[in-house]
Amino acid sequence: MRLPHVPLDEAQDIDIGLAGIPWDGGTTNRPGPRHAPRQVRDNSAMIRRVHPVSHVVPYELANCADLGDCPVNPADVQDALKRVETWFKTMVGKGIRPLVAGGDHLCSLPILRAVAEKRPVGMIHFDAHTDLYDEYFGGFRYTHGTPFRRAIEEGLLDPKRVVQIGIRGSMYDFEDVNYAEKVGVRIIRIEEAMEKGPKAVMAEARRIVGDGPTYVSFDIDMLDPVYAPGTGTPEIGGFTTFQAQQMLRELRGLHIVGADMVEVSPPFDPSGLTAYAGAAMMFEILCSMAEDVAKRR
C-alpha cells in the first residue's frame, strides 16, 4: 500500500505493522501461498488512501508501516512455526498490531501465540473451511486445516467468542463440526449467511465477540473462485467480493488486536486479481484497526 518499509528491529512508535509470511508448509493440497506476500504487495500499490464509504484515511489515524516478511523455514514445519511466533512476539512486544498477508492458514497459529500470549482472544473467521480438524494423514496435527483446533487447545482462542462465516463444500467427515458444537464455536454456513445477508450475519458476529480483544482471519477461499481462483482449496458457491467488503465494513468499532489474509496462491492466478482482492480486503480491515487505535489513544 506504498507504506515505508521499516525493519522490525528498527520499528519505533508504529501502531499497525503490515507483514508477509512467505510460507506454505501446512498446505495439504495445491501449494503456492509462499509466493503470496510478493504478489499482494505488488497489487496493493493500487489501493488509494481514502475508504470510499466510511471516508476513513487509516494512515491519518494510526502510524502504519510495512515491516517486511517474517523469517520462515520451508523445510521444517515446527521450526517455521517457532520462527514466526518469535518474530510476532517481538512485534506485539513493541505495541504493534499485526496485519498479515500469508502464507497458508497454519500461519494464523503462531500469530495467535503472539497476540493472545497474555489472554485468550475472540475471532471472526471468514472461510470456506472450519480449520478445526484434529489431524491429517494419521497423526499430523499441524496443517492449514488444524490451526484453530490447536489455538483453542492452547488457550489462545475463547471458543465461545469465535464465529466462522461462509463454511461450505464437501467434507471428510463431521469431526470438525462436532468439535465446534462441543466447545461453543458458532459456524455460519454459506446457506445461512446468504439467507440472512451481510448485515444480519455481522450483527450476530459482533454480539459473539463483544467488546473484548478480537482477531480477524480472512481466508481468500471464502470468496467464490470466480472472484479468487488463485487459492489452494477453492470451493464453488462462495461470496462475491462486494459481499465480503460489506461484511468487513461491519468490523468498525470492534477491538481488533490482529488480523490476517491468507491462502492466496499466485501460481493459480498469474493475473494477480486474486492477490488484488486480498489486498483490498486487507485495506478494509486496516481501516477498522486504525479507527480502534485512534479511539484508544
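The values are calculated or read from the model by the stated rules, or taken from the named source; none is laboratory data. Computed from a predicted structure; not experimentally measured. Every residue, glycine as well, gets a Cβ built from its backbone with ideal geometry; the counts of neighbours run over all protein chains shown. Ligands, DNA and RNA are stripped out before the accessible areas are found, and what is left, the full protein with its side chains, is counted by its heavy atoms. Shrake-Rupley method; radii C 1.70, N 1.55, O 1.52, S 1.80 Å.
So here's what we get for this one:
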read-out: Residue that is least open to solvent (accessible area, probe 1.4 Å), among those in segment 139-162 that are basic (Lys, Arg) and either touching a Leu at 6+ places or on another chain (Cβ under 7 Å) or part of a strand (DSSP E or B) (or both); value: Arg150
read-out: Residues being at pLDDT below 95 and part of a helix (DSSP H, G or I) - total across segment 251-297; value: 0
read-out: Number of the exception - Arg83 against (1) touching a Cys at 6+ places or on another chain (Cβ under 8 Å); (2) within 22 Å of Val257 (Cα to Cα); (3) crowded, with 21+ Cβ neighbours inside 10 Å; value: (3)
read-out: Near pairs, Cβ below 6 angstrom, 6+ apart or cross-chain, from segment 59-77 (closer than 30 Å to Arg48 by Cβ) to any residue that is buried (at least 16 other Cβ atoms within 10 Å of the Cβ) and aromatic (Phe, Trp, Tyr); value: Cys70/Trp87
read-out: Top-ranked residue of segment 12-27 - restricted to ones that are over 16 Å from the mean Cα position of the chain (by Cα), surrounded by 18 or more Cβ atoms within 10 Å (Cβ to Cβ) and not acidic (Asp, Glu), ranked as farthest from Gln246 (Cα to Cα); value: Gly25
